[in-house]
Amino acid sequence: MSVQDLSAYSGITNDSRKVTSATIFAALPGVNHDGRDFIDAALAAGASYILTPRGTFKPEELDASVTWQESDNIRVDYARLCADFYGQQPEHIVAVTGTNGKSSVVNFVRQLWGEKAVSLGTIGLQGHGFARDAGLTTLDPSALHEILADCAKAGVTHLAMEASSHGIEQGRLAGVKVKAAAFTNITHDHLDYHKTMDAYLRAKLGVFDLLDAGAPAVINADIAEANEIIAYAQSKDLNVITFGKKGTDLKIIAANPVHDGIQSTIEISGQSYDVHVPLLGAFQVYNALTALALAYPNDLAGNIGKLKTLTPVHGRMDCVEGHPRGAQVFVDYAHTPDALETVLKALKPHLSDGGRLVALIGCGGGRDKAKRAPMARISGAIADHVIVTDDNPRTEDPAQIRKDVMVGFAAAEEIAGRATAIRKAVQMLGEKDILLVAGKGHEQGQTIGREVIPFDDIEEVKKAYREA
């Protein structure tokens with residue numbers, strides 16, 4: 001589809017309930033509903049442009065004033081139509097995909113860029129006076145392009161966004177003018193949707209399809225799939241930038257934990273740079289280097305010193321101060337086996353002699369069940385005490401989810417009710433102990449059944465402090 005003048009239309013949506021006079025309605029086929037079933041409702045509500053899959057039955061009585069557009073790739077065409085409708089975007093947009101680290105990386109990119117920059121993803125839209133919840137990692141194209149336009153109108157010039165595998169595969173990023181992209185890692189997640197790890201990888205590789213030839217493609221050289229990812233980026237004639245212990249452009253020589261972060265040595269073009277990254281966990285060095293390469297791909301050495309200014313991301317290795325006995329409590333979004341292992345291993349070196357590492361974990365309902373037992377198995381192998389509780393059970397039985405998790409580590413302590421579990425975990429801590437509350441991070445609600453109940457891990461920890 002070519003760029004269209006859509007100034008005569010009042011809005012664009014794929015939800016017939018949001019249609020009003022002169023709205024563009026996209027009849028997207030879905031898993032649970034088919035948008036073609038709602039074309040009549042959209043027309044009755046005032047839709048004056050229908051975008052629909054090729055071969056859709058066209059109503060015989062369709063008013064001549066209504067534009068009827070059939071598409072061979074409706075999701076991509078819908079996203080591009082949204083881009084045309086809203087019209088404006090920040091001048092410089094970068095995208096980050098990967099199982100873990102996306103939220104931290106886009107936030108760090110925003111911090112490195114400065115005042116006229118924002119980050120967009122799981123945690124929402126942040127920076128330049130914006131503070132909006134997002135809901136999804138990669139938004140519906142209409143909501144996404146509306147945000148991009150709002151940012152551009154507000155003077156935002158730089159935007160770093162998360163790109164989920166779902167969003168990439170479903171074409172939600174079509175029409176976004178991405179100037180650079182990064183691939184952080186890929187581990188077991190979302191197989192309820194993608195079915196196989198190969199399909200999951202293929203979906204994520206699609207982020208590089210958004211780039212023009214010569215654009216930066218930032219890749220973690222230390223993951224098992226690195227060669228395949230690099231080869232794909234090279235096949236697109238992209239400017240590949242690799243980081244990690246095996247990195248060519250940003251080579252990690254050392255990453256040693258100290259009390260207030262990681263003291264690292266990074267090699268760039270044969271020159272070594274000593275950099276203090278003020279974040280806990282060696283994995284944060286990877287996140288920081290990803291952000292550096294996205295923010296300043298043409299001047300890595302000139303900007304590496306800025307990594308010392310980075311601050312933690314809300315709900316990501318977030319230290320909750322104020323435990324009455326001086327214990328350390330961290331809240332983190334780790335909800336995959338790999339992420340949980342990474343965070344627990346990052347905390348272990350910060351234990352004082354005689355201190356215990358306590359892990360509080362759970363798994364969401366209606367999601368990939370294959371990762372439940374591994375979550376407990378990994379926790380049991382690293383932590384000194386493991387508590388299994390509820391996450392977002394959704395429509396599943398919480399007790400059954402906990403049972404599935406505990407298959408991986410029968411010695412774990414089972415505590416029903418997340419608030420109760422957090423309170424008991426906080427109460428058991430001594431001054432040298434560290435508690436990790438994993439799984440929900442920044443989330444402000446808990447999904448039980450089909451209802452979202454207000455719930456904030458950080459606030460629950462603070463409440464537990466007052467009762468400890």
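State, as an integer percentage, the relative contact order of the range 46-148 based on alpha-carbon contacts under 8 Å between residues 6 or more apart.
Computed over the range 46-148, the figure is 20 percent.
Give me 82, 151 sorted ascending by neighbouring Cβ count inside 10 Å, so fewest comes first.
151, 82
Tally the DSSP beta bridges in the range 318-467 and give the antiparallel ones as a percent, rounded to 5.
Expressed as a percentage, antiparallel bridges in the range 318-467 total about 25.
Cα atoms only, the range 318-467: Rg and Dmax in Å?
Using the Cα atoms of the range 318-467, the pair Rg, Dmax is 14.1, 45 Å.
Out of all DSSP beta bridges with both ends in the range 88-309, state the antiparallel percent to the nearest 5.
45 percent
Cross-link candidates for residue 462: which lysines have Cα within less than 26 Å, leaving aside residues fewer than 8 places away along the same chain?
Straight-line reach from residue 462, under 26 Å: 345, 348, 424, 432, 440.
Rounded to whole Hz and in sequence order, give me ³J(HN,Hα) for the range 312-323 from the Karplus expression 6.51 cos²θ - 1.76 cosθ + 1.60, θ = phi - 60°, writing x for Gly and Pro.
With coefficients 6.51, -1.76 and 1.60, one gets x, 9, 4, x, 10, 6, 8, 7, 9, 6, x, 4 Hz.
Over the chain, what is the relative contact order in whole percent, taking alpha-carbon pairs under 8 Å and six or more residues apart?
Once divided by the residue count of the chain, the mean separation gives 10 percent.
Past the 14 angstrom mark, what percentage of all C-alpha to C-alpha distances in the range 321-380 do you count?
59 percent
Looking at the range 246-299 from every direction and averaging, what is the projected area of its Cα convex hull in nm²?
Mean shadow area of the hull around the Cα atoms is 3.5 nm².
Longest exposed-loop-site-free stretch of the chain, with GluC sites (Glu not before Pro), DSSP loop and at most 13 other Cβ within 10 Å? Numbers along the way, then the final one.
On the way: sites that count: 60, 61, 91, 115, 321, 431.
That would be 116-320.
Going Cα to Cα from residue 58, which aspartates and glutamates come in below 14 Å? Please leave out same-chain ones fewer than 8 positions away.
Here the aspartates and glutamates satisfying the reach criterion relative to residue 58 are 37, 40, 70.
Given H placed on each backbone N at 1.01 Å, which residues far from residue 182 in sequence or on other chains put an amide H within less than 5 Å of it?
Those lying under 5 Å, H to H, from residue 182 are 95, 96, 97, 218.
Counting helices only, and only those DSSP H runs with n ≥ 4, report the 222 nm mean residue ellipticity of the chain as the sum of -39,500 (n - 2.57) divided by its residues, in deg cm²/dmol to the nearest 500. Please report the intermediate quantities before stating the final value.
Values: 15 runs with 141 residues, N = 468.
So the helix-based figure for the chain works out to -8500 deg cm²/dmol.
Please list the non-local residues whose amide H lies under 5 Å from the amide H of residue 254, H modeled 1.01 Å from N, same-chain partners needing a gap of 5 or more.
Close amide H contacts, sequence-distant or interchain: 265.
Using a basic spin-label model with each label point 7 Å from the Cα along Cα→Cβ, how many nm lie between residue 91 and residue 45?
Computed distance between label sites residue 91 and residue 45 equals 3.8 nm.
Stick to Cα atoms and the Kirkwood definition of Rh, then tell me Rg/Rh for the chain.
0.99
Computed over the Cα atoms, what is the radius of gyration of the range 11-74 divided by 2.2 N^0.38 Å, N being its residue count?
0.99
Quick note: the coordinates plus some simple rules give every number you see, no bench work behind them. All figures in this text were calculated on a predicted structure; none of them were measured in a lab. All Cβ positions, even for glycine, are placed from backbone atoms using ideal geometry, and neighbour counts span all protein chains on display.
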